1. For Arg71, list long-range residues whose amide hydrogen, built 1.01 Å from N in the peptide plane, is under 5 Å from its own amide hydrogen.
2. Once you place label points 7 Å from the Cα toward the Cβ at Ala40 and Ser17, how far apart are they in nm?
3. Using a Förster distance of 25 Å, how high is the FRET efficiency between Arg66 and Ala29, based on the Cβ-Cβ distance and rounded to 0.05?
4. With θ taken as phi - 60° and the coefficients 6.51, -1.76 and 1.60, list the Karplus ³J(HN,Hα) couplings across the range 106-115 in order, rounded to whole Hz; mark glycine and proline as x.
5. Hey, any idea what % of the range 61-115's accessible area is carbon plus sulfur with a 1.4 Å probe?
Amino acid sequence: QVQLVESGGGLVQAGGSLRLSCAASESIASMGAMGWHRQAPGKERELVARIFSSGRTIYGISVKGRFSISRDNAQNTVYLQMDSLKPEDTAIYYCYADRDLTAYWGQGTQVTVSS
């Protein structure tokens, strides 16, 4: 059972930046993909960013150009750099990983952007 622990959430003003971290309990080099999803109150969970074992990345339309995902295999950690934050980015951010057709999720970290 892979465990994912997020950190780095908090309160920030619009236009500010935050960096989220997701530490995995096992080697992330064995993962097919890792990434971030978010869920705002009353809305469905949506893709924010994903990075594949090849290094290829994909982003949700609403964050493209503002957020950047990266991974450090030596630290078993995935990062999400969030710049130019907007109030509509307010949500719980969940770390995601998959391996051998099994998906794993973290507990989530709250990000609140004030206007």
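The values are calculated or read from the model by the stated rules, or taken from the named source; none is laboratory data. Because the structure is a prediction, the values reported are computed rather than measured. All Cβ positions, glycine included, derive from the backbone under ideal geometry; neighbour counts span all protein chains shown. All accessible areas refer to the heavy atoms of the entire protein, side chains included, with ligands and DNA or RNA removed. Shrake-Rupley method; radii C 1.70, N 1.55, O 1.52, S 1.80 Å.
1. Under 5 Å from the amide H of Arg71: Tyr79.
2. The two pseudo-label positions are separated by 2.3 nm.
3. 0.35
4. These are the phi-based 3J(HN,Hα) values: x, 7, x, 9, 7, 10, 10, 10, 8, 8 Hz.
5. 46
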